[in-house]
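Structure record follows, encoded as structure tokens.
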Amino acid sequence: MASEEPIILRPERMVAGGDAMARLDDGRVAFVTGALPGEQVEAVVRNDRKDFVKATTTDVLDSSPHRVAPTCPHRREGCGGCGWMHFDVEAQMAAKVEIVAESLRRVGRFDEQAVDSLINVGDGVDPFGYRTTIRLVGMPGGGVGFREERSDEVVPIDHCQVAHQNLSAVLRDVNVSAGVELTLRTSVSTDGVTARWTRPEDRQRRGEKRRSNAPAGQSVSGLPADVHIGDRAFIVERVAGRNLQVSAPSFFQSGPAAAELLVDAVGRAAPELAGADHAVDAYGGVGLFAATVMNDVRHVTLVESARSSCFDARENLKHRAGQGDKSVEIERSDMGEWKPDPAFGPIDVLVADPARPGLAKPGVAAVVRSAAAVVVLVSCDPVSLARDARLLDDAGYRMEHVEVLDLFPQTPHVECVTRFVRT
């Protein structure tokens, strides 16, 4: 239940999801959008629950020294893509580290001192121009925009400060039918661009997001002639000295800089990969880890459920066929249903990079079935990391260290690479 009557709040800290946490006079927690720790803000409640409320800042009465003016005019107009652009970049990283620690303590129920000793602060990508994939929404009249924060309303844009310059160049001339969602991706290595889109009628008819392979004129116009369109379009990106094919429907990191940081972090988390006989790339996508940090492993098993990603992975890992006794097995399967093949021998290292919900119980059960000596978990959500870490700990995998990376500056999203060892 929302209220138009403003309230005065003083937030204490940032929490997972990007809000600041304060307390009401009645003891309930308030999650405040647009506020920073230590500030005094005026806010309106937009969701009133029994145990907590959600509120939106309407005025900053006493600002934090870490508050900055958003440099992007579209963010000032309400674009929800960069929810932390009012937050100093260096302070963003400190807040993300604390969010991870608090999630492990509260959700994962790990000892406070143990958590503090396990967390390492990693690197981050440049705060601007780092994103090589963006999703836009068509406007009435043919323009494009991003959705407002926590809203279906669309803010028209003509550039994006966190997008790679190749994508911002496309935005200037593209026209998209109202309601159509257009996904653009570019390669930093080759400057190639792919485009695919979802029509509202496709989503309603199929009950799912179906991307169109139709010519651009039917829903999208103004794309440069060299943009590759549809599900079969792909780019080639270079990461850690390897060329990686990435089809338009396939998942990829926020950009190659982020992918490089992850590859380095996984290598540090699992030095055993240098001499491993068998490693598993779980939720392996296009084969980012299998093609790079697992390159010296004798046998690699990649488990992935998405058809397009498996197609890319076969291309990205075919070089292993000519490398002596090295081999690779690509299994298209949900991780929760996967069972290791004993013919390939014991698993030395398993690297898992699940989507935002994390491993959850099915994924953890698969990890336990693998009996891998070392597990490296790549997490893009601190709460799911905490849940997974608790499940793994209960199953006999001890958490040894967590590296926090900032792959999405200007947003509350945080990436973690966590090492577990079977006890």
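Okay, here's what the table says:
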| quantity | calculated |
| --- | --- |
| Straight-distance crosslink candidates among lysines, where the alpha carbon sits under 22 Å from LYS318 and sequence neighbours closer than 8 are dropped | LYS326 |
| Computed E for ARG172/ARG10 - FRET, C-beta separation, R0 45 angstrom, nearest 0.05 | 0.55 |
| Per-pair calculated FRET efficiency, R0 = 41 Å: ARG49 and ASP296 via Cβ, rounded to 0.05 | 0.20 |
| Estimated FRET transfer efficiency (LYS326, ARG106; beta-carbon r; R0 45 Å; 0.05) | 0.55 |
| Segment ASP191-ARG268, extension gain: residue separation times 0.36 nm, minus the distance between their alpha carbons | 24.7 nm |
| The chain, helix-only ellipticity at 222 nm - DSSP H runs n ≥ 4, -39,500 (n - 2.57), divided by all residues, nearest 500 | -6500 deg cm²/dmol |
| Region 13-60 versus region 357-423: alpha-carbon centroid distance in Å | 29 Å |
| In order through region 127-138: 3J(HN,Hα) via Karplus (6.51 cos²θ - 1.76 cosθ + 1.60), integer Hz, x for Gly, Pro | x, 10, x, 8, 7, 9, 9, 9, 10, 10, 10, x |
| Virtual spin-label span in nm between VAL368 and ARG307, 7 Å along Cα→Cβ | 3.4 nm |
| Dimensionless Rg/Rh of the chain - Kirkwood Rh, Rg from C-alpha atoms | 0.98 |
| Share of pairwise Cα separations in region 135-198, more than 17 Å, in percent | 37 percent |
| Per-selection metrics, region 7-67 (Cα): Rg and Dmax in Å | 10.3, 33 |
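We did not get these values from a lab; they are worked out from the coordinates using the rules stated. Small disclaimer: the values here were computed from a predicted structure and weren't measured. Every residue, glycine as well, gets a Cβ built from its backbone with ideal geometry; the counts of neighbours run over all protein chains shown.
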